[in-house]
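Enquirer: One structure, as structure tokens, below. Some questions next.
The values are calculated or read from the model by the stated rules, or taken from the named source; none is laboratory data. Note that the structure is a prediction, hence the values are computed from the model and not measured. Counting neighbours? That spans all protein chains shown, and the Cβs are built from the backbone with ideal geometry, glycine included. In case anyone asks, the SASA skips ligands and DNA or RNA and just uses the protein heavy atoms, side chains included. Shrake-Rupley method; radii C 1.70, N 1.55, O 1.52, S 1.80 Å.
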2 protein chains.
Amino acid sequence: MNVVFFFSQTDQAFVTLATNDSYAKGALVLGQSLRNHNTTRKLVVLLGPHVSDILCCREALSSIFDEVFMVNLMDSGDGAHLALMKRPDLGVTFTKLHCWTLTQYSKCVFMDADTMVLSNVDELFEREELSAAPDPGWPDCFNSGVFVFRPSNETYKQLVIFCAENGSFDGGDQGILNSFFDTWATTDISKHLPFIYNLSSIAIYSYLPAFKKYGHNAKVVHFLGKVKPWNYSYDAQRGEVRGHSIPPDQCQMHPDFLLKWWQLYARSVLPVLQKAYGNASFNSGFVDPSNHVGVVLESVRYFFKHLKSHVIFIQSFKYVFQLWIAFILQEKEQKWLF
Amino acid sequence: MNVVFFFSQTDQAFVTLATNDSYAKGALVLGQSLRNHNTTRKLVVLLGPHVSDILCCREALSSIFDEVFMVNLMDSGDGAHLALMKRPDLGVTFTKLHCWTLTQYSKCVFMDADTMVLSNVDELFEREELSAAPDPGWPDCFNSGVFVFRPSNETYKQLVIFCAENGSFDGGDQGILNSFFDTWATTDISKHLPFIYNLSSIAIYSYLPAFKKYGHNAKVVHFLGKVKPWNYSYDAQRGEVRGHSIPPDQCQMHPDFLLKWWQLYARSVLPVLQKAYGNASFNSGFVDPSNHVGVVLESVRYFFKHLKSHVIFIQSFKYVFQLWIAFILQEKEQKWLF
């Protein structure tokens, strides 16, 4: 019999941030993915004041995370409040910077709530502040969805002052952090996390051959972009992810990663939410499998919807084509006039 | 009176590759941009066998470049010929790798013919092989549009063997070079050229705030993507770049860089081409300004074309909307049936 011991390193933590109900779901999936891959570090979540039912949400998060910290800048005793008064546009950004105040930990890895780990990533704690992976949009910037940092009240203070004085070039935390840690691109390769530690879904289709070659090594997937996994719904009976209302050309989600997210949510997060919320309502994101008539009706609706879509397309095409011919004929007449 | 001396460093060179007539135009603009910014290095162009009039093309290139080398793998005396026989799909890729055979130079900077320099970039020669900027698609890969290398027959031989044995994960030279120089992402930050030395047009719109913050420092612009500057046309009278046939959503060209390319082409490259080609025909890419009737006709055509486009759009929209209403009503009836 093999016995595996996991020694917990209590002064290091993975940290995430839940700013609303949807991101709380994301945080739960992220936390559970870290647990499933046997992390030996503490799990911490910062909880913003904009969740609908703070007590239930807190209880759910406490089932997976070791610590849940409420973050409300209005109560903060330091200079952050004053700074925020000057820059109300940067409210959520200030919330994220709060992770530097977790000084009970010597080193942390921040991960956005729209990330999910695919394997154990505890080796990230071997890196120093500020380590992060390149952003695929502008690769001399790091992506602030995953980064290694050392909590420090002094750094926090400097960050807040910097933020208030300079603002953010992109309106978010990534702009501020890249301006503050502005030597990342040029000074120390060990602070460049491999891209597989923050594989943005946007990169999959922009250079598909590279994804095919290196993507199977992915350790952290980051659901960047407007569409998040929780914007879909899930048919647990069939194990299928269902569509959403955002046009496909704006969606850059890899179906395998999306399915993994929902499987984890269905298996481990939904029971946690059901226990915490009890009779209080929350959006499970599930297609209700007990409503058989509903399922049949939905199938019929889908069938006609798609049939009609094709008809609309063909008719529109025909119509546009007729106009085009008319336009060409008219154009010929005009040329004749000159 | 200020006298500026430029000392030429004759054992170092910028190298580019012209595989066809269009890329030859690009190479000429690139070469001229390097000249305009007073490079002290030699300019070398590799010329593939697929240009339509090799003598005229060679003459034009010789006006701007110090050396023009014909590259035809079929004549090569080394193992490349044999390797190519095994992998005919990698023909053009082999052509680019040929730059390693320029052993009369101690160090070179390769630049794709769809790049253009915006300032003097001679400082690139301070870097070592293989230095390159990250690719915005998959930033742990470097983009092979601009790279520093040391010509060496031994490296060339190894590259050709590697290429024949492993192929290319993306079907081009970038895949091969990233597999061959596979420690680029992780070992030496000095081999990471700042992104402004290979600013891909694709990055401009994928993270616009970063472009707005850092883009004004751009030193090399790379017209990545399907649409190249030479796919447009130019109205020299008005100093305006005209559209092309590729849909706008597939085009990621910044208008300022595009205009710069055409201004350089119009001012310095077109006279060179006219001199070299004489009466032989070549596509200047210019709108003919002497054809006044044609210009008026084109304006009228444009007016009606756009007017009609709007009409088509509004009509189509109305039509689709009617179908949509019909579909909703029909859907309601179906629900009634169950």
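Enquirer: List the pairs whose first member sits in the range A:176-204 and is within 8 Å of chain B (Cβ to nearest Cβ), whose second member is acidic (Asp, Glu) and crowded, with 17+ Cβ neighbours inside 10 Å, and whose Cβ atoms are under 8 Å apart, counting only residues at least 6 apart or on separate chains?
Expert: A:ALA185/A:ASP140; A:PRO194/B:ASP140; A:PHE195/B:ASP140; A:ILE196/B:ASP140
Enquirer: Still on this structure, I have one more. Consider A:ARG35 against the criteria (1) within 23 Å of A:LYS219 (Cα to Cα); (2) modelled with pLDDT of 90 or more; (3) not in a helix (DSSP H, G or I): it satisfies all of them except one. Which criterion is unmet?
Expert: Against the list (1) within 23 Å of A:LYS219 (Cα to Cα); (2) modelled with pLDDT of 90 or more; (3) not in a helix (DSSP H, G or I), A:ARG35 comes up short only on (3).
Enquirer: Looking at B:MET74, B:MET85, B:MET116, B:MET111, which is the one that is closer than 20 Å to B:GLY172 by Cα and either at pLDDT 95 or above or touching a Pro at 6+ places or on another chain (Cβ under 7 Å) (or both)?
Expert: B:MET111
Enquirer: Quick check: anything in the range B:262-279 within 19 Å of B:VAL121 (Cβ to Cβ), under 20 Å from the mean Cα position of the chain (by Cα) and surrounded by 16 or more Cβ atoms within 10 Å (Cβ to Cβ)?
Expert: Yes, some residue in the range B:262-279 is within 19 Å of B:VAL121 (Cβ to Cβ), under 20 Å from the mean Cα position of the chain (by Cα) and surrounded by 16 or more Cβ atoms within 10 Å (Cβ to Cβ).
Enquirer: What's the number of the condition B:GLY225 fails, among (1) over 19 Å from the mean Cα position of the chain (by Cα); (2) in a loop (DSSP other than H, G, I, E, B); (3) in contact (Cβ under 8 Å) with a residue 24 or more places away in the chain?
Expert: So the condition that B:GLY225 fails would be (1).
Enquirer: Sticking with this one: Looking at A:LEU177, is it open to solvent by less than 10 Å² (accessible area, probe 1.4 Å) and not in a strand (DSSP E or B)?
Expert: Judged against the criteria, A:LEU177 is a match.
Enquirer: Which of the following residues is in the same structural domain as B:SER52 (by TED's automatic domain parsing), modelled with pLDDT of 70 or more and among the acidic types (Asp, Glu): B:ASP249, B:ASP235?
Expert: Answer to the check: B:ASP235.
Enquirer: Which residue pairs have Cβ atoms closer than 7 Å, lie 6 or more positions apart in sequence or on different chains, and pair a first residue in the range A:270-284 that is over 21 Å from A:SER33 (Cα atoms) with a second residue that is in a helix (DSSP H, G or I)?
Expert: Listed pairs, sorted by first residue: A:TYR277/A:CYS56; A:ALA280/A:CYS56; A:PHE282/A:LEU273.
Enquirer: Restricting to the range B:150-165, what's the tally of residues that are more than 20 Å from B:VAL15 (Cα to Cα) and either open to solvent by less than 10 Å² (accessible area, probe 1.4 Å) or in contact with a helix residue (DSSP H, G or I) (Cβ under 6 Å, 6 or more places away or on another chain) (or both)?
Expert: Start the filter on the range B:150-165 by keeping residues that are more than 20 Å from B:VAL15 (Cα to Cα), which leaves B:158, B:161-165.
Right, trim to either open to solvent by less than 10 Å² (accessible area, probe 1.4 Å) or in contact with a helix residue (DSSP H, G or I) (Cβ under 6 Å, 6 or more places away or on another chain) (or both) and you get B:162-164.
Matching residues across the range B:150-165 total 3.
Enquirer: Give the residues of the range A:102-134 that are surrounded by 22 or more Cβ atoms within 10 Å (Cβ to Cβ), out of contact with any helix residue (DSSP H, G or I) (no Cβ under 7 Å at 6 or more places or on another chain) and within 14 Å of another protein chain (Cβ to nearest Cβ), sorted by residue number.
Expert: The one that is surrounded by 22 or more Cβ atoms within 10 Å (Cβ to Cβ), out of contact with any helix residue (DSSP H, G or I) (no Cβ under 7 Å at 6 or more places or on another chain) and within 14 Å of another protein chain (Cβ to nearest Cβ): A:ALA132.
Enquirer: Sticking with this structure for a sec: Taking B:PHE147 as the residue in question, decide whether it is touching a strand residue (DSSP E or B) at 6+ places or on another chain (Cβ under 8 Å), surrounded by 20 or more Cβ atoms within 10 Å (Cβ to Cβ), under 28 Å from B:ALA210 (Cα atoms) and away from every other protein chain (no Cβ under 14 Å).
Expert: yes
Enquirer: Check whether at least one residue in the range B:198-209 is at pLDDT 95 or above, open to solvent by 20 Å² or more (accessible area, probe 1.4 Å) and part of a helix (DSSP H, G or I), and report yes or no.
Expert: No, the range B:198-209 contains no residue that is at pLDDT 95 or above, open to solvent by 20 Å² or more (accessible area, probe 1.4 Å) and part of a helix (DSSP H, G or I).
Enquirer: Can you find a residue that is away from chain B (no Cβ under 14 Å) and either closer than 18 Å to A:ASP11 by Cα or touching a Cys at 6+ places or on another chain (Cβ under 7 Å) (or both) anywhere in the range A:135-142?
Expert: No - not one qualifying residue is present in the range A:135-142.
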